[in-house]
Amino acid sequence: MTVLSRPSTGPIYLDYNATTPIDPAVTASLLPYVSDEFGNPSSGHHYGRKPRTALAAARNRVANLIGTSGQRIVFTGSGSEANALALCGVVRAAAVERPHVITQCTEHPAVLESCRALERNHGVDVTYLPVDGEGMVDPAELTAAFTSRTVLVSIMSANNETGALQPIAELARITHEHGALFHTDASQLVGKLPVDVVALDVDLLTMAGHKMYAPKGIGALYVRAGVSLEPLIHGGGQEHGLRAGTENVAFAVAFGTAAQRAAAALEAGEPERLRRLRDRLHDLLREALGDRVMLNGPLRSRLPNTVNVSIDGVRGKDLLAEMPGLAASTGSACHSGQAHPSAVLTAMGLSGRRASSALRLSLGRWTTGEDIDRAAEMIGSSVLRAARVSTV
């Protein structure tokens, strides 16, 4: 895979888990479908032919990335919509009085808020599993949570803040032994590490285009054959009857191109490149600041691009404000502007002080060794400067 030039000359970008830049090759692939190839893919005439063919090709490319067929892919407007379709669709299609759903307390808000809406509006019972100090679900806790009314388990594959990788295949096996369906939000995982839905044995899997160098506003849900879902949007029967509305062909094509390039990057060893850079960043911070740097989440079982650290004695948001040359975050972008500590880190048992001092540094396709060295020096200098000021 040819790595294209950096798309921006601004601050060092270490917030790839929030969103990725659009790959220039992805942009190029979508442009014809917002200009000359404008036709409705459901139209039987000349102008619908190329959009229809392009949509099918895009569906197959996304499917190939996760080891399935295009018939199993439903395009949505976002990862959040795909999550809502999975959760609400299963519950509303279930022939069970007062259905029961199991999730974990550190899920993305798209899952947590969908669960709360199901509780509030549909009388659904939801169990929120705890996590341990590394953010991991205990399979025994899942086993103990099942009831005769459990219809769905939803556990994210990779945490967006710490990168923690859950044992999805094991959790799916336990779920199926209890006769329920298993959904995973894999928005942070797909494209960063190899994914095979057959090996994982999941029934539903969420993807988001803007987490893998496609535009915002396009997502997808993998739906295993035989799984019954009630659509959120009714109408003309598009997307295998699960998501009505004329398809966004341009963005679907972009997602397909992004999936194709992600597959090439995985084959070329991109996860290992990012893992080396991630570990170098952690090591440099430790060299500069010693034991003040504390890793949040698992040391090994995490995404190759993610390092979440707390730096004792300085609040994460204050530190970022002092570094305009670095674009990073203190946690999920979905909680930006909120003053309270990360709910993910506090659920892991971290103190409010430690959670408030966290930085999430996430790397991606255009991250270089020079970026890592400069970012580490910037963070170290800012922390030491803040310490000198506080002692004056």
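Within segment 129-144, if we keep just the residues that are of a type in the set (Gly, Ala, Ser) and more than 17 Å from Leu112 (Cα to Cα), the residue that is least open to solvent (accessible area, probe 1.4 Å) turns out to be Gly133.
Listed here are the strands (runs of 3 or more DSSP E) enclosed by segment 62-157 that have at least 2 residues being in contact with an Asp or Glu (Cβ under 8 Å, 6 or more places away or on another chain): 73-76, 100-104, 125-129. A single member of Ala58, Ala84, Ala18 is in contact with a Gly (Cβ under 6 Å, 6 or more places away or on another chain), closer than 26 Å to Ala158 by Cα and open to solvent by less than 50 Å² (accessible area, probe 1.4 Å), and it is Ala58. Listed conditions (1) in a helix (DSSP H, G or I); (2) more than 30 Å from Thr330 (Cα to Cα) are all met by Glu37, apart from (1).
Scoring Val249 on the criteria (1) open to solvent by 30 Å² or more (accessible area, probe 1.4 Å); (2) out of contact with any Lys or Arg (no Cβ under 7 Å at 6 or more places or on another chain); (3) farther than 21 Å from Ala86 by Cβ leaves a single failure, condition (1). Exactly one residue out of Arg173, Arg98, Arg120, Arg149 is at positive phi and among the basic types (Lys, Arg), and it is Arg98.
Looking at Arg315, Arg280 in this structure, which one is open to solvent by 60 Å² or more (accessible area, probe 1.4 Å), in contact with a Gly (Cβ under 8 Å, 6 or more places away or on another chain) and in contact (Cβ under 8 Å) with a residue 24 or more places away in the chain?
Numbers: Arg315 fails: in contact with a Gly (Cβ under 8 Å, 6 or more places away or on another chain).
Sole residue among the options that is open to solvent by 60 Å² or more (accessible area, probe 1.4 Å), in contact with a Gly (Cβ under 8 Å, 6 or more places away or on another chain) and in contact (Cβ under 8 Å) with a residue 24 or more places away in the chain: Arg280.
Could you run through segment 128-157 and say how many residues are in contact (Cβ under 8 Å) with a residue 24 or more places away in the chain and closer than 26 Å to Ser351 by Cβ?
Of all residues in segment 128-157, those in contact (Cβ under 8 Å) with a residue 24 or more places away in the chain come to 128-137, 139, 142-143, 145-147, 149-157.
Of the ones still in play, those that are also closer than 26 Å to Ser351 by Cβ are 128-137, 155-156.
So the answer is 12.
Does segment 158-185 hold any residues that are open to solvent by less than 20 Å² (accessible area, probe 1.4 Å) and assigned to a strand (DSSP E or B), and which are they? Those that are open to solvent by less than 20 Å² (accessible area, probe 1.4 Å) and assigned to a strand (DSSP E or B): Ala158, Ala164, Phe182, His183, Thr184, Asp185.
The values are calculated or read from the model by the stated rules, or taken from the named source; none is laboratory data. Keep in mind that this is a model prediction, so the values were computed, not measured. Note: ideal-geometry Cβ built from the backbone for every residue, glycine included; neighbour counts use all protein chains shown. For accessibility, only protein heavy atoms count, side chains too; no ligands or nucleic acids. Shrake-Rupley method; radii C 1.70, N 1.55, O 1.52, S 1.80 Å.
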